[in-house]
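Asks: Below is one structure. I have some questions about it.
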Amino acid sequence: MHNFGWAHSAWIDHTPELELVAICDHDPDRTAAAKQDWPGIETWNSTAEMYDGCELDLVSIVTPHFTHCSLAVEALGAGKHVVVEKAMCLTVDEATQMVDAARVAGRTLAVHHNRRHDGNYRRIKQLVDEGAIGEVFHIELSAGGYGKFDHGWYSQRDLSGGAFYFWGPHAVDWTLDLVGEPIAGVNGYCHKLLWPEVDMADQVRAIIRFQGGAVADVCHSHIAAHSKTLWRILGTKGAIVDTGQGATTGYEHHISAPSGGNLTLIRIDESGGRTEEQVPYLECDWYNYWQEMADHLLRGAPVPVSGGFGRRGIGVFEAAERALVTGQTETVAYG
C-alpha cells in the first residue's frame, strides 16, 4: 500500500454504495499500515486465501504493470468483478486474456482511468462535446522535462512495459476518449541519448491518426530542456490551449480537489472574428469513477472504462513500438 493503494481505498470508502472490506498485500508491514488507516477491514497476505476466506464482490488491483494480467485473471476466475490500475497490462495478448477471462466468468473488467476526472480534462471534454471549437482535427499532448528517469520499477522496461507506459496511459486514454473514432494507424519515435544505466527511452512520441482524419501527437520527454504546453487542441471553429498547471493538486492524497486553474478557449465566429477567454477548470472529482462503478454494478450503467477500451490503449503502445523498428505506419490491434 503506497500512495495509489491508499487513494483507491479512500475513494472506495467514500462511495456510499461501496464498502471497503479487505486489503491484500504480500508485505505484512503494508497490511499492518492499511489496518491503521482503516481499522474495520480484514487484511490478507495471499490473494488465494482472501478469495477463499473473505466475502467480497469487487477487487481493485493496484500493483506494478507486469502483475496485472495474472492477478486480474485470478480474481475473475474467483468470481470477482475487477478494476485494474492503468496501464492495464504489458501487451495486447495479456489484455485479451483479461477480457476473455471476464467474459467467461460473466464479470466486469474495468480499467482505472480515473484521470478522466481531472478538472482540466473534464472541462476540455465538456467544451469539445458541446462543439465549442467545432470539429476537432488536431490534438497535441506534451509532458515531461529534463532529468534522469528514476521511478523505481517504472524505470525497468520489463516490469513497466517501457517509456510509453509511464505517462502514456493517461494521454492516450484522454485522446481516444476525446476523438471517439477507430484508429487508422500509429507512428512511433524515440530517443535514447543519456543515462545508459536506465533501461528506458529518454523521449517517446506517438502520432495517432483516426479514420475520420483527426491526428493526435503524444509526447513524453526526460530530455526536454524547454517544455511545450500540456494541451493544444485545434478545431474548425477554434482552439483549446492548456498548461495543466494546478490541474491535479492533491491527487493520490484527497478524494477530490477544487478547480485549480484555467485553460484558454479561442473561438472563431462566422465572420472570422476571434475571441479569447480564460475558462476555469472543473472540480477534480476522482471519487466519481467509483460511483460510476457502483452505478454499473447495481443499476446496469455503462462501465466507466471497459477492458476492451483499455486494450485499445495497449494496442497503441504496441503499434508505436513496432513503428520504431519498421519506420512505417502500423495498425492497432482492436483499434
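Asks: Scan segment 295-335 for residues that are touching a residue at least 40 places away in the same chain (Cβ under 8 Å), under 30 Å from residue 13 (Cβ atoms) and either assigned to a helix (DSSP H, G or I) or among the basic types (Lys, Arg) (or both) and jot them down.
Replies: 296, 297, 298, 307, 308, 309, 310, 311, 313, 314
Asks: In segment 107-212, which helices (runs of 4 or more DSSP H) lie fully inside it and hold 3 or more residues that are touching a Gly at 6+ places or on another chain (Cβ under 7 Å) and buried (at least 21 other Cβ atoms within 10 Å of the Cβ)? Please lay out each step first, then the result.
Replies: Values: elements: 119-129, 157-160, 168-179.
Where helices (runs of 4 or more DSSP H) fall fully within segment 107-212 and carry at least 3 residues being touching a Gly at 6+ places or on another chain (Cβ under 7 Å) and buried (at least 21 other Cβ atoms within 10 Å of the Cβ), they are 168-179.
For every residue, the table says whether it meets (1) under 19 Å from residue 115 (Cβ atoms); (2) assigned to a loop (DSSP other than H, G, I, E, B); (3) at pLDDT below 95.
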residue: 232; (1), (2), (3): yes, no, no
residue: 244; (1), (2), (3): yes, yes, yes
residue: 260; (1), (2), (3): yes, yes, yes
residue: 263; (1), (2), (3): yes, no, no
residue: 270; (1), (2), (3): no, yes, yes
residue: 277; (1), (2), (3): no, no, no
residue: 289; (1), (2), (3): yes, no, no
residue: 293; (1), (2), (3): yes, no, no
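Asks: Then there is this: Scan segment 234-267 residue by residue and report those that are open to solvent by 70 Å² or more (accessible area, probe 1.4 Å), more than 19 Å from the chain's Cα centre (by Cα) and not polar (S, T, N, Q).
Replies: Result: 237, 258, 267.
Asks: Just wondering, is there one or more residues in segment 322-335 that are open to solvent by less than 20 Å² (accessible area, probe 1.4 Å) and either closer than 29 Å to residue 250 by Cα or of a type in the set (Lys, Arg) (or both)?
Replies: no
Asks: Follow-up. Go through (1) open to solvent by 30 Å² or more (accessible area, probe 1.4 Å); (2) under 22 Å from residue 255 (Cα atoms); (3) in contact with a strand residue (DSSP E or B) (Cβ under 6 Å, 6 or more places away or on another chain); (4) among the hydrophobic types (A, V, I, L, M, F, W, C) for residue 44 and report which single condition fails.
Replies: Failing condition for residue 44: (2).
Asks: Assuming residue 10 fulfils every condition listed in (1) in contact (Cβ under 8 Å) with a residue 12 or more places away in the chain; (2) surrounded by fewer than 16 Cβ atoms within 10 Å (Cβ to Cβ) apart from one, which condition is it?
Replies: Unmet condition: (2).
Asks: Would you pick out the residues in segment 213-233 that are touching a residue at least 24 places away in the same chain (Cβ under 8 Å) and open to solvent by 40 Å² or more (accessible area, probe 1.4 Å)?
Replies: Answer for segment 213-233, where residues must be touching a residue at least 24 places away in the same chain (Cβ under 8 Å) and open to solvent by 40 Å² or more (accessible area, probe 1.4 Å): 213, 215, 225, 227, 228, 229, 232.
Asks: Here is a follow-up. Which of (1) in contact (Cβ under 8 Å) with a residue 24 or more places away in the chain; (2) aliphatic (A, V, I, L, M); (3) under 30 Å from residue 155 (Cβ atoms) is the odd one out, the single condition residue 105 does not satisfy?
Replies: Condition not satisfied by residue 105: (3).
The values are calculated or read from the model by the stated rules, or taken from the named source; none is laboratory data. Predicted model only: the values in this text are computed from it and were never measured. A quick note on method: Cβ atoms are made from the backbone with ideal geometry, for glycine too, and the neighbour counts reach across all protein chains shown. Side chains are part of the model used for accessible areas, which takes the heavy atoms of the whole protein and leaves out ligands, DNA and RNA. Shrake-Rupley method; radii C 1.70, N 1.55, O 1.52, S 1.80 Å.
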